[in-house]
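Chemist: I'd like to ask some things about the structure below.
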Amino acid sequence: MPGAREVFVIKHIYALGGAGLLLSTSMLAVLAQTAPSTPPAPPQFDAQQIPTFVGVDDILEFKALPEYHEPDFVKAFVDAGKLPPVAERLPAEPMVYKTANMPDGVGVYGDVIRHVIGGRPEGWNYSAGQTQGWGGIDIGLSECLTRTGPLFQVRAEELAPLPNLAKSWEWSEDGHELTMHLVEGAKWSDGDPFDAGDIMFYWNDVILDPQVTPLNGASPETFGAGTTLEAIDPYTIKWTFKDVRPTQYLYAMAYGNFCPGPSHILKTEHPKYKDGATYDQFKNAFPPEFLNMPVMGAWVPVEYRADDIIAMRRNPYYWKVDENGNQLPYLDEAHYRLSTWADRDVQAVAGSGDLSNLEQPESFVEALRRSAEDTAPARLAFGARTISYSIYPNLSANGWGEPDERGQAVRELNRDLNFRKAVSFGLNRQALGEALVRGPFTTPYAGGLMPPTSYYDNDSTVYYPYSADDAKALLEEAGLVDTDGNGFVNFPANVAGGADVQITLLGTSDYQTDKSLAEGVVAQMEAIGLRILLQSQAGNQRDANEASGKFDWSLRRVDAELITVVQNTQNLAPTGPQIARGHRAGTDGNLDLLPFEQEMVDTVNAFVATADADERIALMKTYQKLYTDNVYAIGLTQYPGALIINKRFANVPEGTPILQFNWAEDGLIRERLYVPEDQQSSAELFPDTLPGAPGVGNGPVTSN
Ligand code: BQZ
C-alpha cells in the first residue's frame, strides 16, 4: 500500500492529465523514498557484566625483585645444568603484575588450559603472513611492543596502551620523535637475547619489504606515511613521525601489527640473507611440524598432530613475574584442539574444553541453559554488544582482484550510492538478527562505529530502514531493470551484455552465523530482484581471497577499530594502499577513492594528528556521518558475546569482553590465570618437560 506522500504525488499526476503518467518509476522513487533515520534503539540487555575500572599503572610495572621462583620441575633442569638459574633467565627488570589487580591474587603453578579452535595452522611464520589457526594461538605466541587487550578495564580518561616489549618511552620536545626502551635482558624461549636487532629485522625486512606482509596485514602506513624507525643501541629504538605526538600509533604497535619474530631464526631463511631463497620458501620455512619455534610468549609449541592438536609447554625464559617473584605463566601447558568454532562452545560448556568466546548466537540458548545448571563446569558471562557483521562492497574499479567484465560492472555498481542505498533499504536487519536467535540479543546495525565506543554518536548515524519498494526504486535509479522478466534485474544493454546482475558474496564457512546471515542476505536480495551467488570458503582461503580483492561483496564480522576507534585507527578508512577491507590499490598501485572516501581518509588522518579530545569527538561524528550516509559498508546485525571459562580457573577479570581492543585471549592476561592445587586436572600431556631445540620433529625434553 503506497505511503501518504506517494498518494499525494499520484493524485497530482492524475491532476496533470495524460502526459503526467509518463513520469518513470524513478521519478516516483525519488519523490517517494523513505527518509533515513537513526538506528532503532537496541533491546534492553541487563545480563552484561561490567568490569572494575582501574588506572593503567594499577596493572603492571617493570622492576627488579629481591628473589625469583620457578616450578620445582624447572628447577630440576637448572640443577641438571640444562638451564641457567631463573634470575639469569629473567631480564634485569622483568614485567611485574600487581597483585591488587589480580582478582584472586598470587597463584600457584600447575595444570593446563585446553583451547578448542576452528582454524588450522599454516606454519609459525607470523611475520610472513602465516596463520597459526587463530583462537588465541598467535595472540599467545606473539608478544608486541605495546599491549591493548586488557584496556577494557582501564578508566576512559586514563586510556593508553600498556607497555610490553617496549617497557617505557618518551616524546621529543617537538613531538616528532618517540624513543622507546626495550625490556633489557629479555630472551627468546630458546635463550637467544631479544633486542633491537629483532625490532629492526621486523621493520626493515618485514614491514618495509613489499614482498612480505605479516599476519593481520601491517604495512608502512600502519605507522604513518613517511615514518622512520632506527636502533639507537641494543635496547633503545627511535621512531620519527611526520605528525606531532601521534599517540595513536602506540595502539598500532600492539597486537597484530608490531609483534616481532625471532630474527636469529627467520633471517636464516629470508631471501635478503639467504642466497637463492625465494619469498615463498621464506614464508613456508617453518611448517607446523617445526616445533619449539622460539617465541616471546608464555608457551612454546612442542607437539603438532594435524587436524588433532597443538600442545605447548611453558617458556622457561618468560620475562614476566608476579609480585612474589614467581616467574609466569602459572599454567605449565596449553592445548589447542583443532576442531570447529561451534565445537569450541560445546566443549567449553561441557567441560572438556576450558575457554570459548561465545560469538555464534545459534549456540546462545543451549549454552545459557547448560551453564545455568549447578553442576555446570563452566561459567558464562556476557559483555557489551561488540560483535557485529557487515557487507563490504568491493569499491575498487581499477583492477584490484583482476575482475572480469561482469566483476568490473559490479564494482561500478558498488561505487554508485543509489545502488548501495538500495541494498541497505532492501535488508530486513531485524529479521536477519532474529533468524540467528530470538530474545534481547541482536539489534539492527547501520554500519560504522559501534555504540560501545565513547566516540559513537547516534545522531551522526544514518540508518536506512527496511523498505523493499525504496530498494527497487533505487535499483532502477541505478539503471537496473528486469528486462528479461525472470525476476532479477539486468545490467543496461551495453554493460556485460545486458545480462542478469550476478553478485558474488564471499563469506567463511567456519561459522554457522556467517552462513546463516549470508543465506538471509541472498534471500532478501532476491526479494528486491538482485541475484547473489554465495561463495562460502574456509577461513584461510576466505581471508586470502578477501585480501587480494577477489570478491564483489564480502560478508564478515566487524573489526576492533569500529569498537574502540583508538585501536587500528588507520584501518577506519583506506588510509593506505593495502589497509581497508573493501578497497585496496588496483593493478597500477593506486587507490581510486570516491570523494566521500577521501573525506573519510582526511578525517581519520586528522584524528590521528590531534590530541585535542573535543576535536577528536567532533571528527568521529563527521566520520560516522560520512560512513553511514554513504553506506561505505552495509551494516547487518549486532549482538553481545559471552566468555565461557571453566570454573577451576582463578584470576579471571570481571567483565572481560570477548572482543574490544582485542579478543578475550589477550584481555584475560592468560599468563596470570591459575588453578588452585585441589582443583588441578591431570590433563597435561607432557608433564615436567620443557621445550627442546627448534626443529622439525623435535619435541619437549625432560630434565634427566
Ligand atoms: C577469537 C580469535 C582470536 C580473524 C579469527 C578468525 C579468522 C579471522 C578472527 C575468535 C577467531 C575466533 O577469530 O573466532 O573468537 O578466538 O580467533 O584470534 O575468524 O578467520 O581472519 O580476523 O580474529
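Chemist: Between Ser682 and Asp72, take the C-beta separation as r, use R0 = 30 Å, and let me know the FRET efficiency to the nearest 0.05.
Modeler: Efficiency, rounded to the nearest 0.05: 0.95.
Chemist: For Ile617 paired with Glu177, estimate the spin-label separation in nm (one decimal), with each label point 7 Å from Cα along the Cα-to-Cβ line.
Modeler: Label at Ile617, label at Glu177, 3.6 nm between them.
Chemist: Determine the calculated [θ] at 222 nm for the chain from helices alone, applying -39500 (n - 2.57) to every DSSP H run no shorter than 4 residues and normalising by the residue count; nearest 500 deg cm²/dmol. Write down the numbers at each step before the final one.
Modeler: On the way: 21 runs with 178 residues, N = 704.
Theoretical 222 nm ellipticity from helices: -7000 deg cm²/dmol.
Chemist: May I ask you to order 255-265, 477-487 by the average number of other C-beta atoms within 10 Å around their residues, highest value first?
Modeler: Answer by packing, highest mean first, reads 255-265, 477-487.
Chemist: Return the loop-located trypsin sites (Lys or Arg not before Pro) in region 395-490 (DSSP other than H, G, I, E, B) with at most 12 other Cβ atoms within 10 Å of their own Cβ; answer none if there are none. Please list the in-between numbers first.
Modeler: On the way: sites: Arg406, Arg411, Arg415, Arg420, Lys421, Arg429, Arg438, Lys472; in loops: Arg415, Arg438.
In loop regions of region 395-490 (DSSP not H, G, I, E or B), the sparsely surrounded trypsin sites (Lys or Arg not before Pro) are Arg438.
Chemist: Let me ask something additional. What share of the DSSP beta bridges in the chain is antiparallel, in percent to the nearest 5?
Modeler: Antiparallel bridges make up about 75 percent of those DSSP assigns within the chain.
Chemist: Relative to the Cα centre, what is the charge dipole magnitude of region 76-130, using +1 at the beta carbon of each Lys and Arg, -1 at the beta carbon of each Asp and Glu, and rounding to the nearest 20 debye? Mind dumping the intermediate values first?
Modeler: Working: 5 positive and 6 negative charges, 30 e Å.
Approximately 140 debye in magnitude.
Chemist: OK, next. Please name whichever of Ala609, Trp553, Ala538 sits farthest to the positive end of the charge dipole of region 536-625, dipole taken about the Cα centre and charges placed at Cβ: Lys and Arg +1, Asp and Glu -1.
Modeler: Result: Ala538.
Chemist: Continuing with the same structure: Between Leu534 and residues 5 or more places away or on another chain, which pairs have amide H atoms under 5 Å apart, with H built 1.01 Å from N, and which residues are they?
Modeler: Answer set, sorted by chain and number: Leu505.
Chemist: Provide the packing ranking of 666-673, 462-469, i.e. peptides ordered by the mean count of other C-beta atoms within 10 Å per residue, highest first.
Modeler: Details: 666-673: 25.6, 462-469: 20.1.
By packing density, highest mean first, the sequence is 666-673, 462-469.
Chemist: With unit charges on the beta carbons (Lys and Arg positive, Asp and Glu negative) and the dipole taken about the Cα centre of the chain, which residue among Ile117, Ala496, Thr375 sits farthest to the positive side?
Modeler: Ala496
Chemist: Full-extension gain between Ala277 and Glu170, please, as 0.36 nm times their residue separation minus the C-alpha to C-alpha distance. Display every interim value, and only then the final one.
Modeler: Working: separation 107, 0.36 × 107 = 38.52 nm, distance 3.93 nm.
Stretched fully, the Ala277-Glu170 segment lengthens by 34.6 nm.
Chemist: For region 597-704, just the Cα atoms, rotate onto the principal axes and tell me the three extents in Å, largest first.
Modeler: On the principal axes, region 597-704 reaches 64, 36, 31 Å in Cα extent.
Chemist: Could I ask something else about it? With a cut-off of 12 Å, note down the residues of region 589-623 whose backbone N falls inside the zone around a label point 7 Å from the Cα of Asn398 toward its beta carbon.
Modeler: From region 589-623, the list is 589-594.
Chemist: What length, rounded to one decimal in nm, is gained on full extension from Asp192 through to Asp482, with 0.36 nm per residue of separation minus their alpha-carbon distance? Mind dumping the intermediate values first?
Modeler: Working: separation 290, 0.36 × 290 = 104.40 nm, distance 6.67 nm.
Full extension from Asp192 to Asp482 adds 97.7 nm.
Chemist: Apply the a/c threshold of 1.5 to the C-alpha gyration tensor of region 578-640 and tell me whether it is rounded, prolate or oblate.
Modeler: Cα axes put region 578-640 in the oblate bin.
Chemist: Using 0.36 nm times the number of residues separating Leu368 and Asn458, minus their current alpha carbon distance, what extension gain do you get?
Modeler: 29.3 nm
Chemist: Only four residue types carry charge here, +1 at the Cβ of Lys and Arg and -1 at the Cβ of Asp and Glu. Report the dipole size of region 602-704 about the Cα centre in Debye, rounded to the nearest 20.
Modeler: 220 debye
Chemist: Scan region 249-287 for trypsin sites (Lys or Arg not before Pro) in coil per DSSP, keeping those whose Cβ has at most 15 other Cβ atoms within 10 Å, and list them by number.
Modeler: Lys272, Lys274
Chemist: Which one, Gly399, Met450, Leu475, is farthest towards the positive end of the dipole of region 398-490 when Lys and Arg carry +1 and Asp and Glu -1 on their Cβ?
Modeler: Farthest along the dipole direction, towards plus: Met450.
Chemist: Using a/c under 1.5 as the rounded threshold, could you call region 38-144 rounded, prolate or oblate? The axes a ≥ b ≥ c are square roots of the C-alpha gyration tensor eigenvalues, and prolate needs a/b larger than b/c, oblate otherwise.
Modeler: Oblate is the answer for region 38-144, as a/c is 1.5 or above yet b/c matches or exceeds a/b.
Chemist: Okay, moving on. Answer rounded, prolate or oblate for region 87-211, using the Cα gyration tensor with square roots of eigenvalues a ≥ b ≥ c: rounded when a/c is under 1.5, else prolate when a/b is larger than b/c, else oblate.
Modeler: Cα axes put region 87-211 in the rounded bin.
Chemist: Might you report the magnitude of the Cβ-based charge dipole of the chain about its Cα centre, with Lys and Arg at +1 and Asp and Glu at -1, to the nearest 20 debye?
Modeler: Charge dipole of the chain: 1180 debye, to the nearest 20.
Chemist: Related question: Between Asn324 and Glu526, what FRET efficiency follows from the Cβ-Cβ distance if R0 is 56 Å, with the result rounded to 0.05?
Modeler: In this case the efficiency is close to 0.30.
Chemist: What FRET efficiency, computed as 1/(1 + (r/R0)^6) with R0 = 60 Å and r the Cβ-Cβ distance, is obtained for Gln541 and Asp79, rounded to the nearest 0.05?
Modeler: Using R0 = 60 Å, I get an efficiency of 0.75.
Values quoted throughout were computed directly from the atomic coordinates according to the rules given, and no laboratory measurement underlies them. Owing to the predicted nature of the structure, the values given are computational and were not obtained by experimental measurement. Don't worry about glycine lacking a Cβ; one is built from the backbone with ideal geometry, like all the others, and counts go over all protein chains shown.
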